[in-house]
Amino acid sequence: MNTHQTNFVRTSMLAQSAPPVLEKGYVAWFRKNLFATPKDTVLTIIAILLLAWFLPPMIKWLFIDASWTGGGRGVCATVAQGGSQPEGWSGACWAFVGAKFDQFLFGRYPIDERWRPALVGILFVALLVPMLIPKIPHKGLNAILLFAVLPILSFFLLLGGVLGLPYVETPLWGGLMVTLILSFVGIAVSLPFGIILALGRRSKMPVIRMICTIFIEIVRGIPLITVLFMASVMLPLFLPQGMTVDKFLRALIGVSFFASAYMAEVVRGGLQAIPKGQAEGADSLGLGYWQKMRLIILPQALKLVIPGIVNTFIGLFKDTSLVSIIGMFDLLGIVRQNFSDANWASPVTPLSGLVFAGFTFWLFCFGMSRYSGFMERKLDKGHKR
Amino acid sequence: MTIDATIPPGKDKPTGSILNDPKVRGWIYQGITLLLLVLFVYWVTTNTIENLKRANIASGYGFLNGRAGFDVGQSLIAFTSDSTYGRALVVGFLNTILVAVTGIITATIIGFLVGIGRLSKNWLIAKLSMVYVEVFRNIPPLLVIFFWYSGVLAVLPQPRDSLALPLDMYINNRGLAFPRPVFDAGSQFIFYALVIGIIASIFFARYASKKQMETGKRLPVLWTVLGLVIGLPVLTYLLAGMPISFDVPIAGKFNLTGGSVVGPEFLSLFLALSFYTAAFIAEIVRAGIRGVSHGQTEAAHALGVRPGLTTRLVVVPQAMRIIIPPLTSQYLNLTKNSSLAIAIGYADLVAVGGTILNQTGQAVEIVSIWIIVYLTLSLSTSLFMNWFNAKMALVER
């Protein structure tokens, strides 16, 4: 048997050597993500300069120089402006936001009755959270409570006039409460109406199709503010004498109309994406039109367009701020109204109030878009090509 | 009794009630809907006529010839309070177009930069672009307008302490003052030169792409076009004896003199619409570029096409096919959002219409004018979009 000389083969392992410095850790990350090419280096330097120019003054204005407490405009104005701050001072006036916080939430709702909107808010959250978490069972019951029982209960709770609750007229409503009511009702109305309009636009009946198409195209073609004007100026003209519609209700009608048209187009996109074979399969099983839509087409179509639906919701939520133009005090409206409060008027008050309102809107919209991303991944059954 | 299954139910032998025929039922449904709609419209019309009669408002568009009696802050055509309501609406319409066009240009530039930035391999640039998009997409446009109007522009210094900007511009709480070009005799030639330059470059670009299709040779399109569009007018300007001069704003003791001024209303609306819409355009651009499959780039590289040329010849044309339809609808959104001008008093179509509505009470007429103008804009845009889609659609086997 032939034996090989194997002296040159190592029998023990070499100790691991450290990876090259340039390929691991922070250095590598910096090289790869910030300084990969000369062009990247230039861009990075520009971005850092931009941040250095922008970020420190912003943080200083928002937090360090901000006045957090105080009972009047004095803490938010310089000596020359009649306040107590040194000359050249500029910072956010969070004391203003703090003092007006209740108003920002409830508007001019009577102070003694504010537990009512607060209770509605708590109930809303208590019903919404289990609705949003997929693991919690009894979704059907939850949906009935949220979309049928809660609105009726809220209606009586907020408006009052029954069970010894004092009547609170809608012009007193305001703040975040109005923003949320408008968007909740808008969302709850626009989804079913949008679905009906979308089905109507794809219907085989020419008259129905034409009516739906005209409605959708007209509403989508004009700005929301003209729709709101229409609702607030023309609705009283359309109704017989003596029949009036509450201003708040008019805004609700306008917003819901507007959102329905947009929703219809989103849903139509989903309907078009469903292969014809699905409808034909349903037909061959002997399902009627509504059964076919409810059991086969809509569940698939709606799932496809969840991002579009949520985008419409977000758009609707942002658009509710427009009602401040027709003289209602939603969150933005009430914040703006408080700029003219002589107790707090100072050069930094408007910006502070707007930053607060902007942050609140941002929080809701960003939350919605994140949740839609989560649902999209959750509902994705792997049908994607 | 036996049923002969081989004979299908004939048409002359209806098996059930006529109401079970889907066609008949369809007509019945449509008839009922139409009837209800007609009744509703009739009810609304009679109510409206009665209400108008009671309020003593004459219907019809005759009021457009009445004296307006109000002033508008900024107007592209001559307008005094003695002008007619009709002219006021034209002023409003032109202002809408002005803010829409300038906003669209700026929003497109910012949007494309941010959209490309989001795809950058540079971590910092990508994150900055993402923060920009996430911030502006999730705030109401109205709030952005107020942010500029009452948050930033209103707290700028008085005119006498105006902040100086480059290019002889000044900014203060009354707006932005900038040098106004003064056109002397002979300046029309520059304009003609520009038009000729643009037309010539279009023809040259067509010729160049035809040539490239035939021979594969690329002509220097970019430089020729630049020469035609910029060089030709500049040359004319020099030849005509420099007929354009600038009326520069000068900071005096109390106020600025000379130059042109755009008010804070226009500025804040323009800035807000640009920044807000740019966030959406950025997302469209990102989706468009990512929609071009990586195989296309790889194939181009495999053929030895340089990276810059790959972007220009392979990625961009295909990305544009995805980008342009949603982009046009964003332009339309910007135009519609310009109606928020009414909140800060910029005299656009809706703001002027609102003023007239308050003065005359002609609600139906004003709202109908709004609807017609905006519908015309949006329908013509969607016609263009359909035409473009048909032209650019992928021709498949």
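Every number here is computed from the coordinates shown, using simple stated rules; none is lab data. It should be emphasised that the depicted structure is a prediction, and the values quoted were computed from it without experimental measurement. Every residue, glycine as well, gets a Cβ built from its backbone with ideal geometry; the counts of neighbours run over all protein chains shown.
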What are the residues whose amide H is under 5 Å from the amide H of B:PHE246, where those residues sit 5 or more places off or on another chain and H is modelled from the backbone?
B:VAL182
Region B:237-338: trypsin sites (Lys or Arg not before Pro) in DSSP loop, at most 13 other beta carbons within 10 Å
B:LYS253
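Suppose only helical runs count, i.e. DSSP H with n ≥ 4. What mean residue ellipticity at 222 nm does that imply for chain A under -39500 (n - 2.57) per run, divided by all residues and rounded to the nearest 500 deg cm²/dmol?
Working: 17 runs with 225 residues, N = 385.
Taking each H run of at least 4 residues, the total per residue is -18500 deg cm²/dmol.
Using unit Cβ charges (K, R positive; D, E negative) and no other charged atoms, how large, in debye to the nearest 20, is the dipole of the protein assembly as shown about its Cα centre? Mind showing how you got there, number by number?
Numbers: 62 positive and 36 negative charges, 523 e Å.
Once rounded to the nearest 20, the dipole reads 2520 debye.
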In µm²/s, what is D for region B:180-247 at 25 °C and 0.890 mPa s, where D = kT/(6 pi eta Rh) by Stokes-Einstein and Rh is the Kirkwood radius from Cα pairs?
186
Would you calculate the separation in nanometres between label points at A:ASP380 and A:GLN241, each defined as 7 Å from the Cα along the Cα-to-beta-carbon direction?
6.3
Cα-Cα over 32 Å: which of A:LYS39/A:LYS303; A:LYS292/B:LYS391; A:LYS276/B:LYS23; A:LYS100/A:LYS318; A:LYS292/A:LYS378?
A:LYS39/A:LYS303; A:LYS292/B:LYS391
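Which whole number gives the average count of other chain Cβ atoms within 10 Å of the Cβ atoms across peptide A:335-347?
Values: counts 2, 5, 0, 0, 3, 0, 0, 0, 0, 0, 0, 1, 3.
Other-chain Cβ atoms within 10 Å of each residue's Cβ, averaged: 1.
How big is D for region B:63-184, in µm² s⁻¹ as a whole number, if Stokes-Einstein is applied with the Kirkwood radius of its Cα pairs at 4 °C and 1.567 mPa s? Present the calculation step by step, with values, prior to reporting the outcome.
Numbers: Rh = 18.2 Å.
My calculation gives 71 µm²/s for D.
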Give me the base-10 log of I(q)/I(0) for region A:53-200 at each q in 0.18 Å⁻¹, Debye formula, one uniform scatterer per Cα, rounded to two decimals.
-1.04
Starting from 0 in steps of 5 Å, tell me what percent of the Cα-Cα pairs of region A:114-167 lands in each bin.
5, 20, 26, 20, 14, 9, 5, 2, 0
Just subtract the alpha-carbon distance of B:LEU76 and B:VAL135 from 0.36 nm times their residue separation and send over the number in nm, one decimal.
17.8 nm
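Average partner chain C-beta neighbours within 10 Å, per residue of A:205-211?
Details: counts 7, 2, 9, 5, 1, 2, 4.
Per-residue shielding by partner chains comes out at 4.
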Most mobile of A:GLY242, A:GLY254, A:GLY315 in a GNM of chain A (Cα contacts under 10 Å)
A:GLY242
For region A:179-248, convex hull of alpha carbons as volume per residue, Å³:
113
For the pair B:LYS127 and B:LYS23, how long in nm is the line joining their label points, each one 7 Å along Cα→Cβ?
6.8
Mind giving me the nanometre distance, one decimal, between the label points for A:TRP89 and A:GLU23, set 7 Å out from Cα along Cα→Cβ?
5.8
Over the Cα atoms of chain B the radius of gyration and the largest Cα-Cα distance (Dmax), both in Å, equal 29.3, 112
Given R₀ = 22 Å, FRET efficiency for A:PHE366-A:LEU127 by Cβ-Cβ distance, to 0.05?
0.50
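Sort the protein assembly as shown into rounded, prolate or oblate with this rule: let a ≥ b ≥ c be the square roots of the eigenvalues of the Cα gyration tensor; rounded if a/c is under 1.5, and if a/c is not under 1.5, prolate when a/b is larger than b/c, oblate otherwise.
Working: a/c = 1.28, a/b = 1.05, b/c = 1.21.
Judged from the Cα gyration tensor, the protein assembly as shown comes out rounded (a/c under 1.5).
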Apply 1/(1 + (r/R0)^6) to the Cβ-Cβ distance of B:THR45 and B:ILE244, taking R0 = 45 Å, and write down the FRET efficiency to the nearest 0.05.
0.20
How big is the gap, in Å, between the Cα center of region B:25-90 and the Cα center of region B:95-145?
37
With Rg and the Kirkwood Rh both taken from Cα atoms, where does Rg over Rh land for region A:9-123?
1.37
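Report, in cubic angstrom per residue, the convex hull volume of the C-alpha atoms of chain A.
330
Given a Förster distance of 30 angstrom, what is the FRET efficiency for B:ASN65 paired with B:LEU375, based on the Cβ-Cβ distance and rounded to 0.05? If you can, show how the numbers build up before the last one.
Numbers: r = 24 Å, r/R0 = 0.81.
Efficiency, rounded to the nearest 0.05: 0.80.
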